Amino acid sequence: MQFDKIKYSNWWKRLKWGSQAQANTSLNILNFISVCGGVQQGESGIISSPNYPQPYNSSSLCSWLLIAPEGQTINLTFVAFEIESHRVCGWDSVTILNGGSPSSPVIGQYCGTASPGTIQSGSNQLLINFHSDHSIQGGGFQATWTADSLGCGGILHSENGAIRSPHWPQNFPRNTRCSWTIITHESKHLEIAFNASFQIPDSNGQYYVAIYDGPDIASPLLGKFCGDVSPPAIKSSSNNLLLLFITDSFGAAGGWRASFRETLGKHDNQVYMFAKKTTYLHTRSLHLSTRQGFLCKFFSVET
């Protein structure tokens with residue numbers, strides 16, 4: 001796969017250095033590293049060390065940003081792996097981060113001849129960094145990646161549906177951050193209920209599901225949950241809510257599944273009003289909608 005050199009350099013500049021001064025001092029490095037690595041966006045792809053299947057170059061610095069469709073996760077599978085070995089991978093290494101920037105959580109750093117196997121992301125982006133020092137080059141690596149439709153977050157416009165932790169009913173990955181914004185019809189509310197099988201480690205607030213009464217984390221918090229007891233059904237006060245799922249590097253568990261549905265909102269209440277006159281005679285009916293959104297039915301009745 002070919003990548004535009006200028007675009008990749010600009011992407012790396014934004015990714016790696018915060019200030020313009022730092023970026024200007026790094027142009028030679030940018031031009032060098034743009035021959036390996038790059039941005040791959042889609043549903044599948046292949047990455048490999050420079051010169052693969054021949055030994056990689058010394059003093060290499062490469063980064064690949066993998067981007068799957070929104071709401072999906074990534075499975076990265078190493079099919080060949082031979083990187084100079086070191087006890088803490090201090091010489092040559094492949095480092096995988098769960099996200100699209102250098103500040104994203106590190107899934108793992110790998111070297112030697114033991115393949116990392118299949119790495120599962122906790123979001124729709126993975127960043128892979130390859131570094132080699134000035135001496136002793138190994139055979140390199142090759143890996144394939146595919147998008148996984150099990151999903152991690154997204155914006156859902158629906159009256160009902162279901163969401164679940166990544167890879168459910170299997171264990172969710174570590175270092176995950178997924179957010180779902182659910183939006184239904186105006187004047188309606190939402191109700192979300194979790195399956196009885198609910199497994200999130202209780203780890204001092206590092207793992208949890210949080211539900212907000214609105215479209216973002218500035219909205220009122222309806223509840224934050226972890227452990228092995230399923231939360232009660234939760235109702236929003238408007239037509240949208242946010243569900244946030246956070247995990248750390250502590251471990252993994254079976255996760256959760258939740259279903260949501262549209263419910264009646266306060267504007268769906270009906271107010272019946274009767275006007276009485278002197279004789280009992282039903283003459284006509286009239287439907288009006290008030291500014292407050294209540295549906296009022298007026299009946300003119302004579303008594």
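The values are calculated or read from the model by the stated rules, or taken from the named source; none is laboratory data. Since we're looking at a predicted model, the values are computed, not measured. Cβ: placed from backbone, ideal geometry, glycine included. Neighbour counts: every protein chain shown.
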Keeping to region 197-223, report how many residues are at pLDDT below 95, surrounded by fewer than 16 Cβ atoms within 10 Å (Cβ to Cβ) and of a type outside the set (Gly, Ala, Ser).
5
What is the residue count in region 32-66 for residues that are touching a residue at least 40 places away in the same chain (Cβ under 8 Å) and among the aliphatic types (A, V, I, L, M)?
5
Give me a count of the residues in region 224-245 that are within 22 Å of Gly71 (Cβ to Cβ) and either of a type outside the set (A, V, I, L, M, F, W, C) or at pLDDT below 90 (or both).
3
Residue list for region 47-76, filter: of a type in the set (S, T, N, Q) and in contact with a Gly (Cβ under 8 Å, 6 or more places away or on another chain):
Ser48, Ser49, Asn51, Gln54, Ser63, Gln72, Thr73
Considering only region 87-107, state which residues are out of contact with any Leu (no Cβ under 8 Å at 6 or more places or on another chain) and either closer than 13 Å to Asn175 by Cα or not in a loop (DSSP other than H, G, I, E, B) (or both).
Ser93, Val94, Thr95, Ser103
Output for region 66-87, where each listed residue is over 16 Å from His131 (Cβ atoms) and of a type in the set (A, V, I, L, M):
Leu66, Ile67, Ala68, Ile74, Leu76, Val79, Ala80
So Lys224 ticks every box in (1) in a loop (DSSP other than H, G, I, E, B); (2) more than 13 Å from the chain's Cα centre (by Cα); (3) basic (Lys, Arg) but one. Which box is left unticked?
(1)
With the requirement that a residue be in a loop (DSSP other than H, G, I, E, B) and within 30 Å of Ser103 (Cβ to Cβ), what does region 191-211 give you?
Pro201, Asp202, Ser203, Asn204, Gly205, Gln206, Tyr207
Would you please name the residue that is farthest from Asn240 (Cα to Cα), looking only at residues in region 152-190 that are in a loop (DSSP other than H, G, I, E, B), among the hydroxyl-bearing types (Ser, Thr, Tyr) and modelled with pLDDT of 85 or more?
Ser165
Quick check: is even one residue across region 254-265 part of a loop (DSSP other than H, G, I, E, B) and touching a Gly at 6+ places or on another chain (Cβ under 8 Å)?
no
Restricting to region 40-52, give me the number of residues that are within 14 Å of Gly139 (Cα to Cα) and either surrounded by fewer than 12 Cβ atoms within 10 Å (Cβ to Cβ) or small (Gly, Ala, Ser) (or both).
2
Within region 171-191, is even one residue over 22 Å from Leu264 (Cβ atoms), over 15 Å from the mean Cα position of the chain (by Cα) and of a type outside the set (D, E, K, R)?
yes
Which condition breaks for Pro69 when tested against (1) assigned to a loop (DSSP other than H, G, I, E, B); (2) within 22 Å of Gly138 (Cβ to Cβ); (3) touching a residue at least 12 places away in the same chain (Cβ under 8 Å)?
(2)
Regarding region 187-195, can at least one residue be identified that is outside the structural domain of Gly99 (by TED's automatic domain parsing), closer than 23 Å to Glu70 by Cβ and crowded, with 19+ Cβ neighbours inside 10 Å?
yes
Just to be sure I understand the filter: pairs with C-beta atoms under 7 Å, separated by 6 or more residues or on different chains, first member in region 122-150 and part of a loop (DSSP other than H, G, I, E, B), second member among the small types (Gly, Ala, Ser) and crowded, with 22+ Cβ neighbours inside 10 Å. Which pairs pass?
Asn124/Ala68
